[in-house]
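Reviewing the structure listed below.
The values are calculated or read from the model by the stated rules, or taken from the named source; none is laboratory data. Since the structure is predicted, the reported quantities are computational estimates derived from the model, not experimental observations. Glycine also receives a Cβ, built like all others from the backbone with ideal geometry; neighbour counts cover every protein chain displayed. For accessibility, only protein heavy atoms count, side chains too; no ligands or nucleic acids. Shrake-Rupley method; radii C 1.70, N 1.55, O 1.52, S 1.80 Å.
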Amino acid sequence: MNSVILAADVNFMIKGIFSYQIFGQTVWITTTHVSLAIVFLLFIVFACCAHHVIVNADPYAKPGTFQNIVELMVEMLDNMITGCMGKSARPFLGYISTLFSFILISNFSGLLGLRPPTADYGVTFPLGLITFGLIFFNKIKHQGVGGFIKGLCDPWPIWAPINVIGDIAVPVSISLRLFANILSGTVMMALVYGLLNKIAWGWPGFLHLYFDLFSGAIQTYVFCMLTMTYVADAIGDG
Amino acid sequence: MNISGQEFIFGCSAIGAGLAVIAGIGPGVGQGIAAGHAASAVGRNPGAKSDVTSTMLLGQAVAETTGLYGLLIAMLLLFVKPFT
(Lines give C-alpha, C1' and ligand atoms only; values in the text may rest on other atoms or scores of the structure.)
Protein backbone atom coordinates (compact mmCIF):
# COMPACT_ATOMS: atom_id res chain seq x y z
CA MET A 1 0.00 0.00 0.00
CA ASN A 2 2.92 2.29 0.76
CA SER A 3 4.18 2.14 -2.79
CA VAL A 4 0.79 3.24 -4.10
CA ILE A 5 0.95 6.42 -2.02
CA LEU A 6 4.50 7.09 -3.17
CA ALA A 7 3.56 6.50 -6.78
CA ALA A 8 0.92 9.21 -6.53
CA ASP A 9 3.73 11.80 -6.31
CA VAL A 10 5.25 10.65 -9.59
CA ASN A 11 3.76 12.75 -12.29
CA PHE A 12 4.83 12.57 -15.89
CA MET A 13 1.63 11.87 -17.78
CA ILE A 14 0.14 14.27 -20.28
CA LYS A 15 -2.56 16.30 -18.57
CA GLY A 16 -5.51 18.05 -20.15
CA ILE A 17 -5.76 21.74 -19.28
CA PHE A 18 -9.12 22.57 -20.76
CA SER A 19 -11.46 21.01 -23.24
CA TYR A 20 -13.80 22.37 -25.86
CA GLN A 21 -16.37 20.93 -28.23
CA ILE A 22 -15.85 20.97 -31.96
CA PHE A 23 -18.12 19.07 -34.40
CA GLY A 24 -19.43 17.02 -31.48
CA GLN A 25 -15.94 15.91 -30.48
CA THR A 26 -14.33 16.82 -27.20
CA VAL A 27 -10.87 18.23 -27.91
CA TRP A 28 -8.35 18.77 -25.15
CA ILE A 29 -5.63 21.37 -24.88
CA THR A 30 -2.89 19.43 -23.09
CA THR A 31 0.50 20.13 -21.55
CA THR A 32 2.05 19.17 -24.89
CA HIS A 33 0.34 22.10 -26.61
CA VAL A 34 1.55 24.49 -23.93
CA SER A 35 5.12 23.20 -24.20
CA LEU A 36 4.94 23.41 -27.98
CA ALA A 37 3.66 26.99 -27.76
CA ILE A 38 6.57 27.95 -25.49
CA VAL A 39 9.07 26.21 -27.79
CA PHE A 40 7.64 28.00 -30.82
CA LEU A 41 7.71 31.30 -28.97
CA LEU A 42 11.43 30.82 -28.24
CA PHE A 43 11.92 29.88 -31.87
CA ILE A 44 10.09 32.89 -33.26
CA VAL A 45 11.96 35.32 -31.00
CA PHE A 46 15.28 33.75 -31.98
CA ALA A 47 14.37 33.75 -35.67
CA CYS A 48 13.34 37.41 -35.58
CA CYS A 49 16.58 38.39 -33.84
CA ALA A 50 18.68 36.31 -36.25
CA HIS A 51 16.88 37.75 -39.28
CA HIS A 52 17.32 41.29 -38.02
CA VAL A 53 21.04 40.76 -37.38
CA ILE A 54 21.75 39.01 -40.69
CA VAL A 55 19.79 41.49 -42.82
CA ASN A 56 21.50 44.47 -41.21
CA ALA A 57 24.94 42.86 -41.26
CA ASP A 58 27.76 44.90 -42.74
CA PRO A 59 29.85 42.53 -44.88
CA TYR A 60 33.01 44.58 -44.37
CA ALA A 61 32.79 44.98 -40.59
CA LYS A 62 33.82 42.45 -37.97
CA PRO A 63 30.77 40.27 -37.16
CA GLY A 64 29.32 40.50 -33.68
CA THR A 65 28.88 37.64 -31.22
CA PHE A 66 25.28 36.83 -32.08
CA GLN A 67 25.92 36.96 -35.82
CA ASN A 68 28.87 34.62 -35.36
CA ILE A 69 26.73 32.14 -33.44
CA VAL A 70 23.98 32.18 -36.08
CA GLU A 71 26.48 31.75 -38.90
CA LEU A 72 28.17 28.90 -37.02
CA MET A 73 24.85 27.11 -36.56
CA VAL A 74 23.85 27.46 -40.20
CA GLU A 75 27.28 26.34 -41.35
CA MET A 76 27.21 23.31 -39.05
CA LEU A 77 23.78 22.23 -40.28
CA ASP A 78 24.79 22.79 -43.91
CA ASN A 79 27.91 20.70 -43.45
CA MET A 80 25.95 17.92 -41.75
CA ILE A 81 23.33 17.77 -44.50
CA THR A 82 25.70 18.05 -47.47
CA GLY A 83 28.02 15.53 -45.84
CA CYS A 84 25.19 13.01 -45.70
CA MET A 85 23.22 13.69 -48.87
CA GLY A 86 25.94 14.84 -51.25
CA LYS A 87 24.88 16.90 -54.25
CA SER A 88 21.15 16.26 -53.82
CA ALA A 89 21.17 18.11 -50.49
CA ARG A 90 20.08 21.53 -51.80
CA PRO A 91 16.24 21.13 -51.65
CA PHE A 92 16.36 19.60 -48.17
CA LEU A 93 18.54 22.17 -46.37
CA GLY A 94 15.56 24.15 -45.13
CA TYR A 95 13.45 21.22 -43.98
CA ILE A 96 16.20 19.23 -42.26
CA SER A 97 17.57 22.34 -40.52
CA THR A 98 14.11 23.22 -39.25
CA LEU A 99 13.52 19.64 -38.13
CA PHE A 100 16.88 19.52 -36.36
CA SER A 101 16.39 22.76 -34.45
CA PHE A 102 12.78 21.95 -33.58
CA ILE A 103 13.56 18.51 -32.16
CA LEU A 104 16.65 19.83 -30.39
CA ILE A 105 14.82 22.68 -28.66
CA SER A 106 11.91 20.34 -27.85
CA ASN A 107 14.24 17.83 -26.21
CA PHE A 108 16.08 20.54 -24.31
CA SER A 109 12.83 22.06 -23.05
CA GLY A 110 12.93 19.55 -20.18
CA LEU A 111 15.55 21.88 -18.73
CA LEU A 112 12.97 24.66 -18.50
CA GLY A 113 10.74 22.43 -16.38
CA LEU A 114 8.40 21.75 -19.28
CA ARG A 115 7.27 18.30 -20.30
CA PRO A 116 9.19 17.84 -23.57
CA PRO A 117 6.74 17.92 -26.51
CA THR A 118 8.65 15.06 -28.16
CA ALA A 119 7.67 12.81 -25.22
CA ASP A 120 4.20 12.71 -26.79
CA TYR A 121 3.64 10.23 -29.59
CA GLY A 122 1.26 12.69 -31.19
CA VAL A 123 4.23 14.95 -31.93
CA THR A 124 6.79 12.42 -33.12
CA PHE A 125 4.49 10.30 -35.29
CA PRO A 126 3.63 13.21 -37.64
CA LEU A 127 7.35 13.86 -38.00
CA GLY A 128 7.77 10.21 -38.98
CA LEU A 129 4.88 10.55 -41.43
CA ILE A 130 6.53 13.58 -43.04
CA THR A 131 9.69 11.49 -43.49
CA PHE A 132 7.58 8.71 -45.01
CA GLY A 133 5.97 11.20 -47.37
CA LEU A 134 9.37 12.56 -48.40
CA ILE A 135 10.69 9.05 -49.10
CA PHE A 136 7.60 8.12 -51.12
CA PHE A 137 7.54 11.39 -53.08
CA ASN A 138 11.24 11.30 -53.92
CA LYS A 139 11.10 7.66 -54.95
CA ILE A 140 8.27 8.39 -57.38
CA LYS A 141 9.92 11.59 -58.60
CA HIS A 142 13.42 10.24 -59.21
CA GLN A 143 12.83 6.61 -60.06
CA GLY A 144 9.41 6.87 -61.68
CA VAL A 145 6.39 4.68 -61.03
CA GLY A 146 8.04 1.77 -62.83
CA GLY A 147 11.17 2.04 -60.71
CA PHE A 148 9.03 2.26 -57.59
CA ILE A 149 7.16 -0.93 -58.45
CA LYS A 150 10.42 -2.62 -59.44
CA GLY A 151 11.90 -1.67 -56.07
CA LEU A 152 8.82 -3.02 -54.35
CA CYS A 153 9.18 -6.52 -55.80
CA ASP A 154 12.92 -6.46 -55.34
CA PRO A 155 14.22 -10.01 -55.64
CA TRP A 156 10.96 -11.55 -56.80
CA PRO A 157 7.35 -10.27 -56.93
CA ILE A 158 6.43 -12.68 -54.13
CA TRP A 159 8.44 -10.51 -51.71
CA ALA A 160 6.27 -7.44 -52.29
CA PRO A 161 4.21 -7.76 -49.05
CA ILE A 162 7.39 -7.94 -46.99
CA ASN A 163 8.80 -4.87 -48.74
CA VAL A 164 5.56 -3.00 -48.12
CA ILE A 165 5.75 -3.88 -44.41
CA GLY A 166 9.38 -2.75 -44.40
CA ASP A 167 8.39 0.59 -45.94
CA ILE A 168 5.57 1.11 -43.45
CA ALA A 169 7.86 0.22 -40.54
CA VAL A 170 10.13 3.19 -41.31
CA PRO A 171 7.98 6.04 -39.92
CA VAL A 172 6.81 3.91 -36.99
CA SER A 173 10.32 2.91 -35.98
CA ILE A 174 11.96 6.33 -36.27
CA SER A 175 9.13 8.08 -34.44
CA LEU A 176 8.99 5.41 -31.71
CA ARG A 177 12.76 5.68 -31.22
CA LEU A 178 12.64 9.42 -30.58
CA PHE A 179 9.49 9.14 -28.47
CA ALA A 180 10.73 6.30 -26.27
CA ASN A 181 14.12 7.88 -25.63
CA ILE A 182 12.67 11.21 -24.54
CA LEU A 183 9.88 9.51 -22.59
CA SER A 184 12.37 7.36 -20.69
CA GLY A 185 14.32 10.49 -19.73
CA THR A 186 11.12 12.24 -18.66
CA VAL A 187 10.00 9.25 -16.58
CA MET A 188 13.41 8.96 -14.96
CA MET A 189 13.46 12.62 -13.99
CA ALA A 190 9.87 12.39 -12.73
CA LEU A 191 10.83 9.39 -10.59
CA VAL A 192 13.82 11.23 -9.15
CA TYR A 193 11.84 14.37 -8.37
CA GLY A 194 8.74 12.48 -7.22
CA LEU A 195 10.18 9.73 -5.04
CA LEU A 196 13.36 11.40 -3.79
CA ASN A 197 11.94 14.89 -3.40
CA LYS A 198 13.47 15.24 0.10
CA ILE A 199 17.04 14.90 -1.16
CA ALA A 200 16.70 15.85 -4.81
CA TRP A 201 18.59 19.11 -4.94
CA GLY A 202 21.71 19.86 -6.95
CA TRP A 203 22.69 16.41 -8.11
CA PRO A 204 19.73 15.86 -10.47
CA GLY A 205 21.51 18.43 -12.63
CA PHE A 206 23.89 15.70 -13.74
CA LEU A 207 20.95 13.51 -14.65
CA HIS A 208 19.51 16.41 -16.66
CA LEU A 209 22.88 16.67 -18.37
CA TYR A 210 22.59 13.09 -19.54
CA PHE A 211 18.87 12.60 -20.12
CA ASP A 212 18.01 16.01 -21.56
CA LEU A 213 21.18 17.31 -23.19
CA PHE A 214 23.18 14.22 -24.24
CA SER A 215 20.30 11.88 -25.04
CA GLY A 216 18.27 14.65 -26.62
CA ALA A 217 21.11 15.80 -28.85
CA ILE A 218 21.97 12.24 -29.91
CA GLN A 219 18.36 11.41 -30.73
CA THR A 220 17.95 14.65 -32.70
CA TYR A 221 21.05 13.80 -34.71
CA VAL A 222 19.84 10.24 -35.27
CA PHE A 223 16.38 11.29 -36.39
CA CYS A 224 17.73 13.79 -38.92
CA MET A 225 20.47 11.42 -40.05
CA LEU A 226 18.04 8.57 -40.66
CA THR A 227 15.63 10.88 -42.49
CA MET A 228 18.47 12.05 -44.72
CA THR A 229 19.75 8.52 -45.30
CA TYR A 230 16.33 7.22 -46.29
CA VAL A 231 15.63 10.18 -48.56
CA ALA A 232 19.08 9.97 -50.18
CA ASP A 233 18.47 6.28 -50.70
CA ALA A 234 15.11 7.06 -52.34
CA ILE A 235 16.70 9.63 -54.65
CA GLY A 236 19.36 7.13 -55.74
CA ASP A 237 22.28 8.09 -57.92
CA GLY A 238 20.35 9.92 -60.63
CA MET B 1 -5.81 -13.18 1.98
CA ASN B 2 -8.34 -12.11 -0.59
CA ILE B 3 -7.11 -10.83 -3.92
CA SER B 4 -9.66 -9.25 -6.20
CA GLY B 5 -9.48 -9.71 -9.96
CA GLN B 6 -8.33 -6.10 -10.41
CA GLU B 7 -5.41 -6.48 -8.02
CA PHE B 8 -4.44 -9.77 -9.63
CA ILE B 9 -4.28 -8.06 -13.02
CA PHE B 10 -2.18 -5.23 -11.52
CA GLY B 11 0.28 -7.73 -10.08
CA CYS B 12 0.53 -9.68 -13.31
CA SER B 13 1.03 -6.43 -15.24
CA ALA B 14 3.90 -5.50 -12.93
CA ILE B 15 5.53 -8.92 -13.48
CA GLY B 16 5.02 -8.52 -17.22
CA ALA B 17 6.63 -5.07 -17.12
CA GLY B 18 9.61 -6.52 -15.30
CA LEU B 19 9.93 -9.27 -17.88
CA ALA B 20 9.59 -6.79 -20.74
CA VAL B 21 12.61 -4.71 -19.68
CA ILE B 22 14.81 -7.83 -19.91
CA ALA B 23 14.89 -6.72 -23.56
CA GLY B 24 17.55 -4.26 -22.37
CA ILE B 25 20.18 -7.01 -22.31
CA GLY B 26 20.43 -7.22 -26.09
CA PRO B 27 21.05 -3.53 -26.84
CA GLY B 28 23.50 -3.41 -23.93
CA VAL B 29 25.62 -6.16 -25.43
CA GLY B 30 25.29 -4.71 -28.91
CA GLN B 31 26.25 -1.19 -27.88
CA GLY B 32 29.20 -2.54 -25.95
CA ILE B 33 30.44 -4.42 -29.00
CA ALA B 34 29.96 -1.32 -31.16
CA ALA B 35 31.86 0.89 -28.68
CA GLY B 36 34.67 -1.66 -28.37
CA HIS B 37 35.14 -1.88 -32.13
CA ALA B 38 34.99 1.91 -32.42
CA ALA B 39 37.69 2.19 -29.73
CA SER B 40 39.93 -0.23 -31.60
CA ALA B 41 39.24 1.63 -34.87
CA VAL B 42 40.31 4.92 -33.26
CA GLY B 43 43.38 3.19 -31.87
CA ARG B 44 44.35 2.03 -35.35
CA ASN B 45 43.52 5.29 -37.08
CA PRO B 46 43.37 8.24 -34.66
CA GLY B 47 42.85 10.71 -37.50
CA ALA B 48 39.34 9.38 -38.20
CA LYS B 49 38.19 9.89 -34.61
CA SER B 50 35.24 12.20 -35.34
CA ASP B 51 33.92 10.07 -38.20
CA VAL B 52 34.21 6.89 -36.15
CA THR B 53 32.50 8.52 -33.17
CA SER B 54 29.54 9.81 -35.16
CA THR B 55 29.08 6.48 -36.94
CA MET B 56 29.28 4.65 -33.62
CA LEU B 57 26.71 6.91 -31.99
CA LEU B 58 24.33 6.54 -34.94
CA GLY B 59 24.64 2.75 -34.89
CA GLN B 60 24.24 2.60 -31.15
CA ALA B 61 21.13 4.74 -31.23
CA VAL B 62 19.62 2.48 -33.87
CA ALA B 63 20.56 -0.64 -31.91
CA GLU B 64 18.97 0.86 -28.81
CA THR B 65 15.53 0.75 -30.43
CA THR B 66 14.75 -2.85 -29.55
CA GLY B 67 15.46 -2.19 -25.88
CA LEU B 68 13.26 0.87 -26.02
CA TYR B 69 10.41 -1.22 -27.42
CA GLY B 70 10.65 -3.37 -24.31
CA LEU B 71 10.65 -0.25 -22.17
CA LEU B 72 7.56 1.02 -24.01
CA ILE B 73 5.73 -2.25 -23.34
CA ALA B 74 6.65 -1.96 -19.66
CA MET B 75 5.39 1.63 -19.54
CA LEU B 76 2.14 0.65 -21.24
CA LEU B 77 1.59 -2.20 -18.78
CA LEU B 78 2.35 -0.07 -15.72
CA PHE B 79 0.81 3.29 -16.50
CA VAL B 80 -1.75 2.92 -19.29
CA LYS B 81 -3.13 -0.36 -17.80
CA PRO B 82 -4.60 -1.84 -21.00
CA PHE B 83 -6.08 -4.91 -19.28
CA THR B 84 -8.22 -3.30 -16.60
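Remarks
- Ellipsoid equivalent to the protein assembly as shown - semi-axes via the Cα gyration tensor, in Å: 36, 28, 23
- Value at 222 nm in deg cm²/dmol, rounded to 500, when DSSP H runs of n ≥ 4 in the protein assembly as shown each add -39,500 (n - 2.57): -24000 deg cm²/dmol
- D (Stokes-Einstein, µm²/s), Kirkwood Cα radius, the stretch A:8-117, 0.692 mPa s at 37 °C: 193
- 0 to 90° range, to nearest 10: angle between helix B:25-44 axis and chain B longest Cα axis: 10
- For A:LYS150, the lysines whose Cα comes closer than 18 Å to its Cα, not counting residues fewer than 8 places off in the same chain, are A:LYS139, A:LYS141.
- Long hydrophobic helices in chain A: the complete DSSP H runs spanning 20 Å or more by Cα along their own axis with mean Kyte-Doolittle hydropathy of at least 1.6 are A:31-55.
- DSSP loop trypsin sites (Lys or Arg not before Pro) with at most 13 other Cβ within 10 Å excluded, longest remaining stretch of chain A: A:16-197
- Whole-Hz couplings from phi, Karplus 6.51/-1.76/1.60, listed for the stretch B:59-65; x for Gly and Pro: x, 5, 5, 6, 5, 5, 4
- Calculated log₁₀ intensity ratio I(q)/I(0) where the Debye formula runs over C-alpha points of the stretch A:155-238, q = 0.13 Å⁻¹: -0.60
- Computed over neighbours whose Cβ is under 15 Å from that of B:GLY30, the net charge equals 0, Lys and Arg +1, Asp and Glu -1.
- Peptide A:213-225 is shielded by partner chain Cβ atoms: per residue, an average of 2 of them sit within 10 Å of its Cβ.
- Around A:PHE148: net Lys/Arg minus Asp/Glu count, Cβ-Cβ under 11 Å: +2
- 5 angstrom amide H check on A:THR30, placed H, neighbours 5+ away: A:ILE17
- Acute angle (nearest 10 degrees) that the helix B:5-20 long axis makes with the longest principal axis of chain B, alpha-carbon atoms: 10
- Charge tally in the Cβ shell below 12 Å around A:ASN107, where Lys, Arg are +1 and Asp, Glu are -1, A:ASN107 excluded: 0
- Accessible surface for the protein assembly as shown, divided over its residues, is 60 Å² per residue with a 1.4 Å probe.
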